[in-house]
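J.: Dumping the structure here so I can ask a few things about it.
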Amino acid sequence: MAAKVPIRTVYTNSVATGLAEFQSGEFIDYTSGGTGLAALGSAGQVLKVNSGASALEYGTVEAILNIDGMTDGSSATIAATDKLAFSDGGTEKYLLLSQIDTLFTGTTQTLTNKTLTAPQITSGVLNTGVSGSAVADEDNMSSNSATKLATQQSIKAYVDAQVTAQDLDFIADSGGALSIDLDSESLTIAGGTGIDTVGSGNSITASIDSTVTTLTGSQTLTNKTLTAPTITGTAVMATLDISGDVDVDGTLETDALTIAGVTIAETIADTVGAMVGSNTETGITVTYEDGDNTLDFALGAAQTTITSLLATDIKIGEDDQTKIDFETADEIHLYAANAEQVYVADGIFGPQTDSDVDLGTTGVRWKDAYIDTITATGVVTAAGFTIGSAAITETELEILDGASVSTAELNYLDITTLGTSEASKAVTVDSSGDLIVPDSDKFKFGAGSDMQVYHDGTNSYITNATGALKIATETSGIALTIGHSTSEVTVADNLTVTGTLTLGSNAELTEAELEFLDGITAGTAAASKALVLDGNKDIGTIRNLTIDGVLTDGNYTFDTSGNVSGLGTVASGAITSSGVVTGTGLTIGSASINEAELETIDGVTAGTVAASKAVVVDANKDISGFRHMTIGGNLLPSQNNTYNIGSSSLRFNDLFLAGDTIDLAGATISSDGTGAIAIAASGATLPTGSKTEDGNALAVMGSTTSGSISQPIRRVDFFSAAGGLSTKNATFEFNAEVADKYSFLDNSTFTLENGSALTESGITLFQL
């Protein structure tokens, strides 16, 4: 017997409307007594519960090893040919124990808490501490083992003890040999008379100070040339012979002064007396008093010959209370009654105090005043005003007295033609009571000028921007006529008629009748609306169409029983089905989509990549699950300096670049293609404790030979003022290890602060 397709109930809007066969892909859920299977599996698969425990599904057979049920093999001897089961990408396989041995011996492994018997480490790296009997931790290094390793702590403690126990010996030019306890004392390099020392960084600078040229105490200078010397005290000289000029800015005091053998004191007195005796200068009388060798100057009461008197502070007046003051730059100040009254400045002649100084009085007035503009905050009193050719009297002004009218408001009355409106002018009517409004000038009504009435020269307008424009009569029954009997009336937008619409003399249409035509779309059926065919005589969206006979177009026939005859290819703008539409393909416009193409979007989850499925980003434009992605152009962020590659918790493993340069905010790391790396930056900071590959800390080191022993040293340059602070005078060499070495390479001596000499034997920390 052939296989049969079961029957299912068809529902329309939750109402059972018929029966139909099961379609491909449909199934009965296990909660309704079914299996939940949409299809059978392939060959070799088994039936199992899915991962959500919600249905049965077919899947591949998974191997299950019952370890607890196996035979005990703990006593067996494991051989290299013994086998172990494992999964290779989901495929169960076995491997030999020899293969595991090869895997472990050929890869790097981390062993924790393992005991290695006689291990051989060819190139090992210890990244943490070591312990055990082979490590000796003795601060005093008391034992002498050739096989044990000393700890860093014990080495440091021993070295510190040795340094503490040693002294730094040195010697100066005088004072004998000295020594400094390296643990508790410091060496001071002090200057002497005229010598200053300054320490900065690793350098000591010695310089000659200013006291060398200004020594205290008495000094004898022989055959010395003094350039512009300054003598602050009394200079005692038996003989002073000056071959050049003498410039004395202060007082020259001498018991006797002769010029060419003539005593100068009496010569000056006689000369002055002869020059000024009884002489009268212009406006000034000068008298020489021979008795006391003085000059008397008397200023005449009247000065008529002075042509210029310029000074930064000149005051002219009877006293300080009444004066003309020139003390302020570019200003003249006039004082009276011990107070400043008016002042003159650039473009200003004004009072010093607001509303305090009058220009003239009621009895003594100025004659004429020629002023461009008069601005008054108080009352202006005059017999009359003449503005241009208009003479305004008090009587005429009385008309405006008491009226609050501004100049701008008065200008509103300055019209050109009576009865014609003008911009910014009052509106008037002419002698006939008419008002003429020029073309394009508008009457505006409302706070926002919403309603406007105007004529633009061609047409007349009544416009409204807000609300309804109502043209109506105040009393019911009064007719309102729009337009001329021979003119057309055009309604540019909607027309609302609340009563009956009469067309001609007989046709009357009510609102209900017109509603059948309101909002009709040609070719589309609408509820409670008339049917209107479109340009092709078509109509659609009819819900139910009942016919009493046969509906036919000549090719297809629909009878009252629902039978259709002559049906061929069906073409439709839209097809709606409550069931499954089955076909071999789907054509939309010129796009033909087959089943395989539609499978790429079936079951797609936005934001998640799935194999053989289209990629759809989620609501945040994110997507995850890519395995490999190959691009043919640049990979660029949408914003500069905003997005990261990886994060602090999710990092990429290795970065492979074909280019030779990495740019880090302007600093670059580049390769020359041979393995050498170059860093281009203003500076590179290494963390404290950075080491070379041999484990030694990075340092600027050198080497020198002291006696017969070669020792590592650190060199520090020494600069002095004598060397111009640009060329080093010497180089300090600090020992990098504690050992008995000579103090100085040139076999010189070094004197300590206490005068002791630093000997050449014993431990030294630095050498020159």
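Bear in mind these aren't lab numbers, they're just calculated from the coordinates by the rules spelled out. Computed from a prediction, not measured in an experiment: that's the story for all the values here. Positions of Cβ are generated from backbone atoms using ideal geometry, with glycine treated the same way; all protein chains shown enter the neighbour counts.
J.: Please compute the length gained on full extension between residue 70 and residue 4, using 0.36 nm multiplied by the number of residues separating them and subtracting their Cα-Cα distance. Can you show the working numbers first?
T.: Working: separation 66, 0.36 × 66 = 23.76 nm, distance 4.81 nm.
That works out to 19.0 nm of additional length.
J.: Straight distance only, please: which aspartates and glutamates reach the Cα of residue 323 with their own Cα at less than 16 Å, same-chain residues fewer than 8 apart left out?
T.: 313, 331, 340
J.: Among DSSP beta bridges lying fully in the range 491-565, give the percent that are antiparallel, nearest 5.
T.: Numbers: 8 of 9 bridges.
Taking every DSSP beta bridge with both residues in the range 491-565, the antiparallel ones total about 90 percent.
J.: Once the Cβ-Cβ distance between residue 455 and residue 406 is put in as r, and R0 is 45 Å, what FRET efficiency do you end up with, to the nearest 0.05? Present the calculation step by step, with values, prior to reporting the outcome.
T.: On the way: r = 33 Å, r/R0 = 0.73.
It comes to 0.85.
J.: Name the residues whose placed amide hydrogens come within less than 5 Å of the amide hydrogen of residue 593, ignoring near sequence neighbours (fewer than 5 apart) on the same chain.
T.: Sorted by chain and number, the residues that satisfy this are 586, 587, 588.
J.: Among 459-468, 244-253, 544-553, what's the highest-first ranking by average C-beta atoms within 10 angstrom per residue?
T.: 459-468, 544-553, 244-253
J.: Run the quick spin-label model on residue 611 and residue 671: label points 7 Å from Cα toward the beta carbon, then report their separation in nm to one decimal.
T.: 3.4
J.: Sketch the reach of a paramagnetic label on residue 397 as a point 7 Å from Cα along Cα-to-Cβ, and name the residues of the range 361-388 whose backbone nitrogen lies under 13 Å away.
T.: Those under the cut-off are 376, 378-387.
J.: Next question, about the same structure. Based on the Cα atoms of the range 382-472, what semi-axes does the equivalent ellipsoid have, where each is the square root of 5 times one gyration tensor eigenvalue, given in whole Å with the largest first? Could the numbers behind the result be given before it?
T.: Numbers: eigenvalues 291, 53, 25 Å².
After scaling each eigenvalue by five and taking roots: 38, 16, 11 Å.
J.: How many nm separate the modelled label positions at residue 311 and residue 101, each set 7 Å beyond the Cα in the direction of the Cβ?
T.: 12.2
J.: Show me the ranking of peptides 77-84, 93-100 by mean Cβ neighbours inside 10 Å, starting with the highest.
T.: Those peptides, ordered most packed to least, come out 93-100, 77-84.
J.: Shifting gears a bit: Using R₀ = 30 Å, calculate the FRET efficiency as 1/(1 + (r/R₀)^6) where r is the Cβ-Cβ separation of residue 624 and residue 56; round to 0.05.
T.: According to the calculation, E is roughly 0.50.
J.: Moving on to the next point. Residue by residue, what Karplus-based ³J(HN,Hα) values in Hz, rounded to whole numbers, does the range 231-243 have, using 6.51, -1.76 and 1.60 with θ = phi - 60° and x for Gly and Pro?
T.: 10, 8, x, 9, 9, 9, 9, 5, 9, 10, 10, 10, 7
J.: Report the Stokes-Einstein translational diffusion coefficient (µm² s⁻¹, integer) for the range 478-537, Rh taken as the Kirkwood radius over Cα pairs, at 4 °C with viscosity 1.567 mPa s.
T.: On the way: Rh = 14.4 Å.
The calculation lands on 90 µm²/s.
J.: Based on the mean of other Cβ atoms within 10 Å per residue, sort peptides 370-378, 420-428 so the most packed one is first.
T.: Highest to lowest by the protection proxy: 420-428, 370-378.
J.: How large is ³J(HN,Hα), in whole Hz, for each residue of the range 134-149 in order, when computed from phi with the Karplus curve 6.51 cos²θ - 1.76 cosθ + 1.60 and θ = phi - 60°, using x for Gly and Pro?
T.: 7, 10, 9, 10, 10, 5, 9, 6, 6, 7, 9, 10, 9, 10, 9, 9
J.: Mind checking the full-extension length gain between residue 48 and residue 635? Use 0.36 nm per residue of separation minus the Cα-Cα distance, one decimal, nm.
T.: Numbers: separation 587, 0.36 × 587 = 211.32 nm, distance 4.51 nm.
Between residue 48 and residue 635, full extension yields 206.8 nm more.
J.: Report the label-to-label distance for residue 93 and residue 195 in nanometres (one decimal), using points 7 Å from each Cα along the Cα→Cβ vector.
T.: Spacing of the two 7 Å Cα→Cβ label points: 8.6 nm.
J.: Additional query: Quick check: residue separation of residue 644 and residue 330 times 0.36 nm, minus the Cα distance between them. What number comes out in nm? Working shown, then result.
T.: Details: separation 314, 0.36 × 314 = 113.04 nm, distance 6.79 nm.
Gain on stretching residue 644 to residue 330: 106.2 nm.
J.: While we're here: Per residue of the range 495-500, in order, report the coupling 6.51 cos²θ - 1.76 cosθ + 1.60 (Karplus, θ = phi - 60°) as ³J(HN,Hα) in whole Hz, putting x for Gly and Pro.
T.: Those phi angles translate into 10, 10, 10, 7, x, 8 Hz.
J.: Based on the Kirkwood radius over alpha-carbon pairs, what is the Stokes-Einstein translational diffusion coefficient of the range 321-434 at 10 °C with 1.306 mPa s viscosity, in µm²/s? Numbers along the way, then the final one.
T.: On the way: Rh = 19.2 Å.
For the chosen part, D equals 83 µm²/s.
J.: Using the beta-carbon distance between residue 375 and residue 346 and R0 = 30 Å, what value does 1/(1 + (r/R0)^6) give for FRET efficiency, to the nearest 0.05? Walk me through the intermediate numbers first.
T.: Values: r = 20 Å, r/R0 = 0.65.
For R0 = 30 Å, the calculated efficiency reads 0.95.
J.: Same structure, new question: Starting from the amide H of residue 729, placed 1.01 Å from N in the peptide plane, find each other amide H under 5 Å away whose residue is 5 or more places distant or on another chain.
T.: Under 5 Å from the amide H of residue 729 lie the amide H atoms of 718, 719, 720, each far enough along the sequence or on another chain.
J.: To make sure I understand the rule: partners must be lysines, Cα under 16 Å from the Cα of residue 83, and not fewer than 8 residues away in the same chain. Which ones qualify?
T.: Qualifying lysines at Cα under 16 Å: 93.
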